[in-house]
Amino acid sequence: MKRNLAFVLVGIFSLAVVIGLWTPQAASAQAVKLKYANFPPAPTFPCVQMERWKTEVEKRTAGKVAVQTFPGGTLLDAKNMLDGVIAGTADIGCTSMAYQPGRFIVTNATALPLGIPSAKVGSRVLWDLYEKYKPQEFADVKVLAMFTTAPNNIMSKVAVKKLEDLKGLDLRASGGAAEVLSAWGANPVGMPMPETVEALQKGVVKGLFSSLEVMKDFKFAETCKHVTMTDTSIYPFTVIMNMKSWEALPADVKKVFDDLRVEQSEWTGVYMDNHVKEAMEWSKTTQQVAVVNLSPAEKAAWNAQLQPLTAKWITEAKTKGLAAEQIISDLQALIKKYSQ
Ligand code: DTR
């Protein structure tokens, strides 16, 4: 009797060991593996949000999903991101929509100078705009997040204090931000962010127009000793997933991804807003960067130059059959709603 009990106990113990030792391996062998491509270097904000998403997904799916991240354009670069994800080169990809202005007309309307005050507000506005219009260009992918940068400001090697200082100045910018620079009389030079490092070093550009966290993350503060505060326009980003990879996911995993969409978008906005503050503290205290705040009269003159941009966007969007005026009034209402 005692011997039988011992056998049973040994049996239970062995089973426990087998379950304990083998189940996790078996589970990880079966884990869905997803490749996530990103274009800029690992320390920059699009990749920080990517790592946060990976951590949350792996935690919330209890190991059912393993995400392999590829920062720095090692799997897909910015301009090939959407097509690369549609083709399945990566399961997931993150890109800046400003690099393909004609392809993302609706979502790029957020880059017009409409007064988005922060990345947190911008990210919520962009997400709601996407949800309402579900633009055709996203028909072949699953959208996992949408977020924006903080408002753009001028980082330059020379001081920019008035509109005349901008005349013909070569500054790196893309999409809507480039249109803003043109309206001010500067000379926007389009290129993806990672190429700006070399362009600045070689003197191809004299500065850039972007959110200010890049002063620290790309070390632009080492060459651009001047910042002019304009707080005008943002850059919109999207995170997309290959449709077949999405459809192959189990229902509970799909729910985790869906539940994360707005949360991840807002998390990124908040991270960006805080990181801009940190980066500017660092730039001022360790890199002796000087900040120009425009006088109200000067700022009014700058804003006046931007007046035609939205009307121009409306005219062009209408030729594409879009409900252009409605999109702009929705954007204005959303900015108001999330700014409160
Ligand atoms: N300059 C914009 C947006 C942007 C802002 N910070 C980063 C960091 C890494 C890549 C891009 C950006 C742009 O090029 O899209």
What does the charge count around residue 231 come to, taking other residues whose C-beta lies under 15 Å from its C-beta (Lys +1, Arg +1, Asp -1, Glu -1)?
0
Residues whose modelled amide H sits under 5 Å from the amide H of residue 144, counting only those 5 or more places away in sequence or on another chain, are 239, 240, 241
Over the chain, with a Gaussian network built from C-alpha contacts below 10 Å, which listed residue (180, 292, 125) shows the highest mean-square fluctuation?
292
Under a point spin-label approximation (7 Å from Cα along Cα-to-Cβ), what is the residue 198-residue 286 distance to one decimal in nm?
2.6 nm
Apportionment of accessible area to carbon and sulfur, the chain, percent (1.4 Å)
58 percent
If I fit a long axis through the Cα atoms of helix 2-30 and take the longest principal axis of the Cα atoms of the chain, what angle between them do I get, 0 to 90°, rounded to 10?
30 degrees
Distance in nm between label sites at residue 301 and residue 252, each 7 Å beyond Cα in the beta-carbon direction?
6.4 nm
Please work out the average accessible area per residue across the chain, using the 1.4 Å probe convention, and give it in Å².
45 Å²
I want to make sure I understand the PRE zone here: with the label point 7 angstrom from the Cα of residue 52 toward its beta carbon, which residues in the range 221-257 have backbone N atoms less than 15 Å away?
237-239
Cα-projected label distance for residue 87 with residue 163, points at 7 Å along beta-carbon direction, nm:
4.5 nm
On a 0 to 90 degree scale, rounded to 10, what angle separates helix 251-287 from the longest Cα axis of the chain?
50 degrees
How high is the relative contact order of the range 96-160, given as a whole-number percent (alpha carbon pairs under 8 Å, six or more residues apart)?
36 percent
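A 25 angstrom limit on the alpha carbon distance is what I want to check against. Which of 132/299; 206/277; 162/284; 33/255; 142/219; 142/320 exceed it?
132/299; 142/219, as the Cα separations exceed 25 Å there.
Just to confirm a number: summing +1 for Lys and Arg and -1 for Asp and Glu over residues other than residue 302 whose beta-carbon lies under 11 angstrom from that of residue 302, what do you get? If you can, show how the numbers build up before the last one.
Numbers: positive: 162, 299; negative: 231, 298.
Residues near residue 302 contribute 0 overall.
What number in nm² do you get for the range 250-340 if you take the convex hull of its Cα atoms and divide its surface by four?
On the way: hull surface 43.3 nm².
For the Cα atoms of the range 250-340, the hull's average projected area reads 10.8 nm².
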Förster radius 22 Å - calculated FRET efficiency between residue 333 and residue 278 (Cβ-Cβ, nearest 0.05):
0.10
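Find the relative contact order for the chain and round it to a whole percent, using C-alpha pairs within less than 8 Å whose residues are 6+ positions apart.
On the way: 621 pairs, mean separation 75.2, N = 340.
Rounded, it is 22 percent for the chain.
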Taking the Cα atoms only, what angle lies between the long axis of helix 324-339 and the longest principal axis of the chain, rounded to 10 degrees?
70 degrees
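Go ahead and estimate [θ] at 222 nm for the chain from helices alone: -39,500 (n - 2.57) per DSSP H run with n ≥ 4, summed, over the residue count, rounded to 500. Don't skip to the answer; put the middle values down first.
Working: 12 runs with 176 residues, N = 340.
The per-residue figure over the chain is -17000 deg cm²/dmol.
The values are calculated or read from the model by the stated rules, or taken from the named source; none is laboratory data. The structure displayed is predicted, hence computed values, not measured ones. Every residue, glycine as well, gets a Cβ built from its backbone with ideal geometry; the counts of neighbours run over all protein chains shown. SASA here: full protein model, heavy atoms, side chains in, ligands and nucleic acids out. Shrake-Rupley method; radii C 1.70, N 1.55, O 1.52, S 1.80 Å.
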